[in-house]
């Protein structure tokens, strides 16, 4: 699979309306599931090496409009990996204590330590998305935040954390389909919140806020990918491919033993 | 599968040498794998309900001698569950900051919040196991800790957290086999630490410390299970069974919608 078309180059002008939301790259569902399965196997091994090496970490950030599939993607891509090595964190409405600090404080706390894969379901990007769309912070504050984010992610990189950011890209029509489904199925009602419709009504503003955020914060250290997310098999496969490529680039190695293996022949264990 | 034989009754005198380490309950590997798979499916659904309900949480504590299979059990039992709803925490050697607080401070921080399943790989029990065996705290301190632990786990229960504690029980011979394997395979060297042999030499002291801890801290709110862990298919199946029964007893329910479904027919979404 080719992940390059979905990567945002630093400073690139992003036109989300021109970017596809439903893509297959000529692969049918069986082929896509096979890719996901083969990537899952590779990820298992890469995660074990990352954990054993314990020098680098990977942070995968998901952002999307409501019903964009953040939960489901997380489950399909990271589900097969040893749960001990993966830490998923969902950022909700900030608490009063969180709000009493700078906007990166609560995020920094959950940055993955050496050896771990961290997955953010929503993130500090909410502070330049929902906050911007609703005008909860001044234009000047938002403007400054793009730089704060770039510097923060550079700090993470300096500590050995590779950051990969993924926007799951869907159309407004597709969101409608998914929301209707939540209303039709009683066991999905808990996922529906009438407030979501107010955000939906601001779709255009959100797209504009995403476009600016993507352009301003996609860096070589922490690139953004805009992934077409309506074909769910494609979405899972391409996200697993992006994660796999990131880990392969990190190339974690089993560490040299901290002991002299010669000094510990099996007979040494009594 | 019958989990009852492995549950420690409150105040029960525990004789670990008399408790089996290799059990199948008449089930062959295929049957055991089928039970694990069927429990995994049930756990997926129960976890979704727990998360949706967001009122209760489950904490599963693993303790074992080195090479007892804590990592592998965690992976097999919790791997199939949505990683978003499961938080695994491995407790290592305490940091200076952690040591500057009471022994439950660092553990309390990682107690699962409502809707979550927490898994502890090692736990506050280290403070009445390794600490006791090495005499790093006085007998009086250790003695007091059993009560602190019982009270602490009662506090968790009062906040809606069900606590289930599992000792993966192996023999000293079996540990030897596993340690030899780590030395024979280069990709397992990172799991071997010569220091482990010093702990192995204290096997008898560890068993005595476990026996006291089990007897003193198995309560109706937070029972201990001593699970035979040498037959790995049995170990995975019985642990998944214990976790399943705990969640079934909690019986999490999808919450009533926070909106009037009548007021939101699909046409309401524009």
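Throughout, read-outs are computed from the coordinates displayed, never taken from laboratory work. These figures come from a predicted structure and were not determined experimentally. Don't worry about glycine lacking a Cβ; one is built from the backbone with ideal geometry, like all the others, and counts go over all protein chains shown.
Below is a table of values for the structure above.
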| read-out | value |
| --- | --- |
| D (Stokes-Einstein, µm²/s), Kirkwood Cα radius, the range A:109-219, 0.692 mPa s at 37 °C | 204 |
| Shortest-first distances to equivalent copies, position residue A:29, nm, label 7 Å out along Cβ | 3.4 |
| For chain A: rounded, prolate or oblate by the Cα gyration tensor [a/c cutoff 1.5] | prolate |
| Identity and axial distance of the chain B residue whose Cβ lies nearest the axis relating B to A, Å | B:83, 3 |
| Exercise: per-residue mean of other protein chain Cβ atoms within 10 Å, A:250-259 | 3 |
| Pairwise label distance in nanometres, residue A:30 with residue A:42, each label 7 Å out on the Cα-Cβ vector | 2.2 |
| Number of partner chain Cβ atoms within 10 Å, mean per residue of B:177-189 | 4 |
| Residues B:154, A:122, sorted so that the one with the fewest Cβ neighbours within 10 Å comes first | B:154, A:122 |
| Rg(Cα)/(2.2 N^0.38 Å) for the protein assembly as shown, N = residue count | 1.03 |
| Cα centroid separation, the range A:251-270 to the range B:159-219 (Å) | 19 |
| Cα-based helix-to-principal-axis angle, B:29-53 vs chain B, degrees rounded to 10 | 50 |
| Label 7 Å beyond Cα on the Cβ vector: residue B:97 copy-to-copy distances, nm | 1.3 |
| Relative contact order (%) - the range B:171-270, alpha-carbon pairs under 8 angstrom, separation at least six | 12 |
| Separation between Cα centres of the range A:90-135 and the range A:17-72, rounded to whole Å | 21 |
| Relative contact order, percent, chain B [alpha-carbon distance under 8 Å, six or more residues apart] | 37 |
| Ranked list, fewest to most other Cβ atoms within 10 Å of each Cβ, for B:188, A:109 | A:109, B:188 |
| Computed E for residue A:97/residue A:15 - FRET, C-beta separation, R0 35 angstrom, nearest 0.05 | 0.35 |
| Antiparallel content of DSSP bridges confined to the protein assembly as shown, in %, to 5 | 5 |
| Helix axis angle, A:172-184 relative to chain A longest principal axis, alpha carbon, degrees | 80 |
| Using alpha-carbon coordinates, inclination of helix A:232-250 to the longest axis of chain A, degrees | 50 |
| Per-residue mean of C-beta atoms belonging to partner chains within 10 Å, peptide A:82-94 | 5 |
| Label distances, nm, residue A:134 versus same residue in remaining copies, Cβ-directed 7 Å point | 5.0 |
| Evaluated over the range B:164-270, the Cα radius of gyration and Dmax, each in Å | 23.1, 71 |
| Residue exposure sequence - A:12, A:153, B:245, B:199 - by fewest surrounding Cβ within 10 Å | A:12, B:245, B:199, A:153 |
| Relative contact order %, the range B:103-240, counting alpha carbon pairs below 8 Å whose residues are six or more apart | 32 |
